[in-house]
Amino acid sequence: FIMKRIILLLVSLLPVLSAFSQKEKDLTLLKEQIQAIIHSCKAQVGVAFIWNGQDTLSINNDRPYPLMSVFKFHQALAVTHWLETRHLSLDTVLYITPEDLKPDTYSPLRDRYPQGNCSLSVRELLKYTLQQSDNNACDILFRLTGGPQETDRYIRSLGCSHFSITATEDDMHVDLNRSYDNWTTPLEAARLLEIFLTRELFRPSDRQFIRQTLTECETGKDRLVKPIPSGKAVIGHKTGTGDCNAQGQIIGINDIGFFLLPDGSRYSLAVFVKNSEEDAPATAGVIAAISEAVWNFVQ
């Protein structure tokens, strides 16, 4: 009798085991497709993919990748936490001095207010950092909240550990090698996106603001978002782009993002390209090709 019950139980589990086996096969095929894409790329490429919070794939995740401006997503979470713990809102206003606007760095904020002497809300500054990767706005927010170390500390409090944030944008401008001091593994970056999507870290309105701002990102349209048909998914992403190191390699070209599909499914995808000997368009093209492979997988 007991043996008969065991046999019936195993028979009932066959469809589940078959589906699980097929999913594993599909993920293996996707991994092989991505490996083929990056095989000829003259760079170190790391990828992490989390589908519906469960199925996970990572490639070359055993090394650090320079975050570049991707860390402005980490900073945005830390800034929002800093405000909420002090019962302040995103509409808190900061005065911008001429000294805040460094002349020799990427800064649409400075281009709009070349003389400074203006007041902007934290909400507006976060739009500059998340949508346009503004370096001056980033360092203004660091000065408000206690520097990169406080951002690092907050992200660690969420359970992340395979990353480090110790340098400001100005630090990296003064010493290009410090670009490697802000780093992550691809899987940790994808995990942080998942944490943001699934945990109630902030007030609903603040969480929605960050999510919406990421969906309006103006940089890196030739990367993760390029192959996705218009209107087929809600995509929020944050890019990072570095200068060339002493060897003439691009220090980092990156993109991380979440993809929300009409059927209620979702995935997070992080692609980091380190020390690329390809030119910028070709490097971005690798990220787009990986994104296309993942998109085809989830269809």
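Against the longest principal axis of the chain, how steep is helix 186-198, in degrees 0 to 90 to the nearest 10, with axes from Cα atoms? The angle comes out near 90 degrees. Taken per residue, the accessible surface of the chain reaches 47 Å², heavy atoms only and a 1.4 Å probe. P(r) tail, segment 162-204: Cα-Cα pairs separated by more than 15 Å, 55% of all pairs. Derived scalar couplings between HN and Hα for segment 215-230 equal 6, 9, 4, 9, 9, x, 6, 9, 10, 4, 7, 4, x, 7, x, 4 Hz in order, rounded to whole Hz, by the Karplus curve 6.51 cos²θ - 1.76 cosθ + 1.60 (θ = phi - 60°), x for Gly and Pro.
In the chain, helices alone account for a calculated mean residue ellipticity at 222 nm of -15000 deg cm²/dmol, with every DSSP H run of four or more residues adding -39,500 (n - 2.57). Using the structure shown, select from Lys102/Lys127; Lys127/Lys226; Lys42/Lys226; Lys25/Lys232; Lys226/Lys274 the pairs with a Cα to Cα distance greater than 24 angstrom. Over 24 Å apart, Cα to Cα: Lys25/Lys232. Applying a DSSP loop filter and a limit of 16 other Cβ atoms within 10 Å to the trypsin sites (Lys or Arg not before Pro) in segment 27-131 leaves Lys42, Arg86. Annotation: extensible slack from Gln54 through Ala282 equals 78.9 nm (criterion: 0.36 nm per residue apart, minus Cα-Cα distance).
Shape class of segment 116-156 from the Cα gyration tensor (axes a ≥ b ≥ c, square roots of the eigenvalues): prolate, since a/c reaches 1.5 or more and a/b is larger than b/c.
For Ser291, the shell of other residues with beta-carbons less than 11 Å away shows a net charge of -1, using +1 for Lys and Arg and -1 for Asp and Glu.
Summing Lys and Arg as +1 and Asp and Glu as -1 over all other residues whose Cβ lies under 14 Å from the Cβ of Phe202 gives a net charge of +3.
Between Arg112 and Val174, the contour length at 0.36 nm per residue exceeds the alpha carbon distance by 19.9 nm. Between Leu27 and Arg123, the modelled label-to-label distance comes to 4.1 nm, taking each label 7 Å out from Cα in the direction of the beta carbon. Expressed as a whole percent, the accessible area of the chain that falls on carbon and sulfur atoms is 52 (1.4 Å probe).
Scan the chain and report its longest stretch carrying no GluC sites (Glu not before Pro) that are both in a DSSP loop and have at most 12 other Cβ atoms within 10 Å. With GluC sites (Glu not before Pro) excluded where exposed in loops, the chain gives 1-199 as its longest stretch. Of Pro114, Pro204, Pro148, the residue with the greatest mean-square motion in the GNM of the chain, using alpha carbon springs below 10 Å, is Pro204. Against the chain, whose longest principal axis is taken from its Cα atoms, helix 122-132 shows a tilt of about 60°. As a calculated quantity, the FRET efficiency between Leu260 and Arg86 at R0 = 35 Å, using C-beta atoms, amounts to about 0.65. For segment 278-298, backbone nitrogen atoms closer than 17 Å to the point 7 Å from Lys226 Cα along Cα-to-C-beta are found at 278-296. What shape does segment 122-223 take by its C-alpha gyration tensor, where a ≥ b ≥ c are the square roots of the eigenvalues and a/c under 1.5 counts as rounded, a/b above b/c as prolate, and the rest as oblate? In terms of gyration-tensor shape, rounded.
Here is the list for segment 197-299: trypsin sites (Lys or Arg not before Pro) lying in DSSP coil, each with at most 14 other C-beta atoms within 10 angstrom of its C-beta, are Arg199, Lys221, Lys232. Once the convex hull of all Cα atoms in the chain is built, its volume per residue stands at 151 Å³.
The values are calculated or read from the model by the stated rules, or taken from the named source; none is laboratory data. Owing to the predicted nature of the structure, the values given are computational and were not obtained by experimental measurement. No Cβ is skipped: glycine too gets one built from the backbone with ideal geometry, and neighbour counts run over all protein chains shown. Please note that ligands, DNA and RNA were not included when accessible areas were found on the heavy atoms of the full protein model with its side chains. Shrake-Rupley method; radii C 1.70, N 1.55, O 1.52, S 1.80 Å.
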